[in-house]
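Okay, so here's the structure we're looking at.
The values are calculated or read from the model by the stated rules, or taken from the named source; none is laboratory data. Please read these numbers as outputs of a predicted model, since none were measured by experiment. Note that we place each Cβ from the backbone using ideal geometry, even for glycine, and neighbour counts take in every protein chain shown. When the accessible area is computed, the model is the full protein with side chains, heavy atoms only, and any ligands, DNA or RNA have been set aside. Shrake-Rupley method; radii C 1.70, N 1.55, O 1.52, S 1.80 Å.
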Amino acid sequence: MDKIRVLVCDDSALMRTSLKKIIESDPELSVIASARDGEDAIQKARDLKPDVITMDINMPGIDGITALQIIVSEGIAPVLMVSSLTQQGVSTTFEALALGAFDYVAKPGGTVSVQLSAVAHEIIQKIKAAVRPGTLRKLKRKTSLSNVPTKIQKISSKKSKTGFKAIAMGISTGGPKTLFDVLPFLPRDLNAPIFLVQHMPAKFIPSFADRIDKNCQMKCVVAEAATKVEPGIIYLGKGDYHLTLFGKTTHNILIRNTTKPKQLFMPSVDIMMRSVLEVFGADTIGVLMTGMGDDGADAMVEITRAGGITIAESEESAIVFGMPQEAIKRGGARIIKPAWEIADEIIKAVGE
């Protein structure tokens, strides 16, 4: 079996060496070259045609964002951004994802990190995920964020007889881009709250909530403990906590953040969905979209068995057809649709 060929781009010689060491620790991966800036990366990408490119954002001359745009427009290879956790780094990372980056890895210690080994597994797993068939084609598709009208029209939605339903939505790799195929097209008066878990570093969450809020009809907030749940609001799971609910009726439901059980993903889609199901029962609408692994798949099965509506993103649009595929395989998806049709399905489900 041929190895996955990787081009590493970073202006730091230390980072290039560290990344090469991490990548080549896996026998399935090989670093075929390294680049010191965006211009160097573009030229080597054109000449060598790597399978995947890791790209730093802040570099002299042509930066990582500009290089990304050229590489994506030419359809050379999927690009994995390697960014810092500074506020500026978070903002430019979201910009990169909107422009077609496959995903990102946050440097744990800043622009030049001596702690890169802490994210070694993440780097390797995301490189492998990026080379799956169809990935590049899906990344080149424009995000719907650019198509949302400046003046947003109010759209009415039918009210549930029991008060309001709840949407439990889980997403991971590819999520920051794919969510904008769905959330901007949900009406501000949707008679249901959305409980959203997106796997990402805790420091990214407030900026991501703000980005959603500014570009969607519904209001988006970080899910803070003791917040009373109301329809028409997107509650984004807080980093390093599980998003759960407390309440016996739809008129008195509160957010509860917990650090137990300790899991790889915090918040966990499975834990969030099960908590929503416990409170809302058959009025739960489960939505599982792009991402590696199977977080949320078992909970989608439970929602289906309880009489709720479950929607899984189809392979046609999923940047990584992992989480939704597992839900489908296990019988936890009543509806299977590409991302751009999911908003309509959610509106129908809320109105039933």
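Only beta bridges with both residues in the chain are counted; by DSSP, about 10 percent of them are antiparallel.
Does segment 260-301 come out rounded, prolate or oblate, given a ≥ b ≥ c as the square roots of the eigenvalues of its C-alpha gyration tensor, rounded meaning a/c under 1.5 and, failing that, prolate meaning a/b above b/c?
oblate
Annotation: amide H of LEU29 within the under-5 Å range of ILE4, sequence separation 5 or more or interchain, hydrogens built in the peptide plane. With contacts taken as Cα pairs under 8 Å and at least 6 residues apart, segment 284-327 reaches a relative contact order of 54 percent.
Distance from the Cα centroid of segment 1-60 to that of segment 121-140 is 14 Å (rounded to whole angstrom).
When each of the peptides 292-302, 258-268, 166-176, 57-67 is scored by how many other beta carbons lie within 10 Å of its residues on average, the order from highest to lowest is 166-176, 292-302, 57-67, 258-268. Taking Cα centre as origin and charging only the Cβ of basic (Lys, Arg, +1) and acidic (Asp, Glu, -1) residues, the dipole magnitude of the chain rounds to 780 debye. Once both labels are positioned 7 Å from their Cα atoms along Cα-to-Cβ, the gap between ALA202 and LYS219 label points is 2.6 nm. Coupling constants for segment 312-324 follow from the phi torsions by the Karplus curve (6.51 cos²θ - 1.76 cosθ + 1.60, θ = phi - 60°), and in residue order they are 10, 5, 7, 5, 4, 10, 4, 5, 10, 8, x, 4, x Hz; glycine and proline get x. Under 5 Å between amide hydrogens, built in the peptide plane, is the criterion, and for CYS220 it picks out ASP213, ILE234 among residues at least 5 positions away or on other chains. Mean residue ellipticity at 222 nm, helices only, the chain: -9500 deg cm²/dmol; runs of at least 4 DSSP H residues each add -39,500 (n - 2.57), and the sum is divided by the number of residues. In this structure, the residue pairs whose Cα-Cα separation is over 27 Å, taken from LYS203/LYS337; LYS238/LYS329; LYS177/LYS228; LYS20/LYS214; LYS21/LYS329; LYS177/LYS348, are LYS203/LYS337; LYS238/LYS329; LYS177/LYS228; LYS20/LYS214; LYS21/LYS329. Annotation: amide H of MET81 within the under-5 Å range of MET55, PHE102, ASP103, TYR104, VAL105, sequence separation 5 or more or interchain, hydrogens built in the peptide plane. Under the shape rule built on the C-alpha gyration tensor, where the axes satisfy a ≥ b ≥ c, segment 212-352 is rounded, since a/c falls short of 1.5.
Farthest toward the positive end of the dipole of the chain, out of ILE253, ILE233, ILE346, is the Cα of ILE253, where the dipole comes from beta carbon charges about the Cα centre.
Where the accessible area of segment 208-278 is counted over protein heavy atoms with a 1.4 Å probe, how much of it, in %, is carbon and sulfur? Don't jump to the answer; show the numbers that get you there.
On the way: 1790 of 3480 Å².
The C+S portion of the solvent-accessible surface of segment 208-278 is 51 percent.
Most mobile of PRO27, PRO133, PRO187 per a Gaussian network model of the chain (Cα springs, under 10 Å)? With Cα springs under 10 Å in the chain, the top fluctuation among PRO27, PRO133, PRO187 is at PRO27. Rounded to 0.05, the FRET efficiency of the ILE62 and SER91 pair, given R0 = 22 Å and the Cβ-Cβ distance, is 0.70.
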